[in-house]
1. Can you tell me which residues in region 58-82 are part of a helix (DSSP H, G or I) and in contact with a Ser or Thr (Cβ under 6 Å, 6 or more places away or on another chain)?
2. Yes or no: residue 116 within 14 Å of the chain's Cα centre (by Cα), near the ligand (Cβ under 10 Å from one of its atoms) and aliphatic (A, V, I, L, M)?
3. When the residues of region 1-52 are filtered to those that are within 18 Å of residue 160 (Cβ to Cβ) and among the polar types (S, T, N, Q), which remaining residue is surrounded by the fewest Cβ atoms within 10 Å (Cβ to Cβ)?
4. Considering only region 102-117, state which residues are surrounded by fewer than 18 Cβ atoms within 10 Å (Cβ to Cβ) and without any contact (Cβ under 8 Å) to a residue 40 or more places away in the chain.
5. Which condition does residue 46 not pass, out of (1) without any contact (Cβ under 8 Å) to a residue 40 or more places away in the chain; (2) hydroxyl-bearing (Ser, Thr, Tyr); (3) touching a helix residue (DSSP H, G or I) at 6+ places or on another chain (Cβ under 9 Å), if it passes all the others?
6. Might you let me know whether region 20-27 holds any residue that is closer than 25 Å to residue 151 by Cα, assigned to a loop (DSSP other than H, G, I, E, B) and modelled with pLDDT of 95 or more?
7. Quick check on my filter: what residues within region 44-64 are within 12 Å of the ligand (Cβ to nearest atom) and among the β-branched types (Val, Ile, Thr)?
8. Going by the structure shown, is residue 33 closer than 19 Å to residue 169 by Cβ and either among the aromatic types (Phe, Trp, Tyr) or more than 13 Å from the ligand (Cβ to nearest atom) (or both)?
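The values are calculated or read from the model by the stated rules, or taken from the named source; none is laboratory data. Since the structure is predicted, the reported quantities are computational estimates derived from the model, not experimental observations. Please note: Cβ atoms are built from the backbone with ideal geometry, for glycine as well, and neighbour counts cover all protein chains shown.
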Amino acid sequence: MTDTSTDGVLDRALRVVVRGSGYVGLPTAALFADAGFNVTAVDMKSKIVESVNGGVSTVNEPSLQERVSRNVRAGKLKAVLNSGTTLNQGDAIVISVQTPIDKNKKPNLSFLMNTLENVGKNLKKEMLVAICSTVLPRTMQEKIKPLLESLSGLKADTDFYLAYVPERIAPGKALKEKTLRKSELKCQYSQ
Ligand SMILES: NC(=O)c1ccc[n+]([C@@H]2O[C@H](COP(=O)([O-])OP(=O)(O)OC[C@H]3O[C@@H](n4cnc5c(N)ncnc54)[C@H](O)[C@@H]3O)[C@@H](O)[C@H]2O)c1
């Protein structure tokens, strides 16, 4: 794949879709919108979608309310239900659905796998998929990459970009912690 990784970034033409608009996803969506991108925040809860589209943040975090309201008013941020047709119109898909630990202390990947199935079926060449949800080591290589490749018929690194975003923020303090050291920004693709 030719290196088109900066296409659409510098001119802010890249359309960002954030799937899962909770403590991690909504601040992420608001920050991309603040940076000038057109952002779609997807969630399965209609309460979240309606609230965000009304300019009201569903996550209680300093300055997030103001960022959500400003970007919704400016048309940079909108929310849609995960059944909506706009889901597949993004160039960069950020996945931040929950991966809770079950009673056997195993991560419940059902929300993530559900989302990946839909993303994989609609994946197009040159798209970027970034996983923000927490997963165990090797999940990218052993589950996520093969699933996306088999559903799409495309190859990671050759046809589309795939990245893992290491945990870097505490829910509820995402904006406070958004200033990162350069060394923390590297993708841990080996996850
Ligand atoms: N990368 C990081 O810096 C970082 C930091 C902390 C936590 N995390 C991880 O991020 C993930 C999300 O954490 P959170 O605190 O935001 O969880 P959360 O429960 O607040 O938000 C998850 C959202 O995803 C939605 N969702 C679930 N399935 C969906 C689907 N199929 N389509 C659309 N929306 C769907 C839920 O309705 C919910 O609103 C977890 O795995 C968590 O461990 C990542």
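1. Residues satisfying the conditions are 64, 65, 68.
2. Yes; evaluated as a whole, the condition is true for this residue.
3. It comes out as 2.
4. Residues satisfying the conditions are 102, 103, 104, 105, 106, 107, 108, 110, 113, 114, 117.
5. Against the list (1) without any contact (Cβ under 8 Å) to a residue 40 or more places away in the chain; (2) hydroxyl-bearing (Ser, Thr, Tyr); (3) touching a helix residue (DSSP H, G or I) at 6+ places or on another chain (Cβ under 9 Å), residue 46 comes up short only on (3).
6. yes
7. Matches in region 44-64: 48, 49, 52, 58, 59.
8. yes
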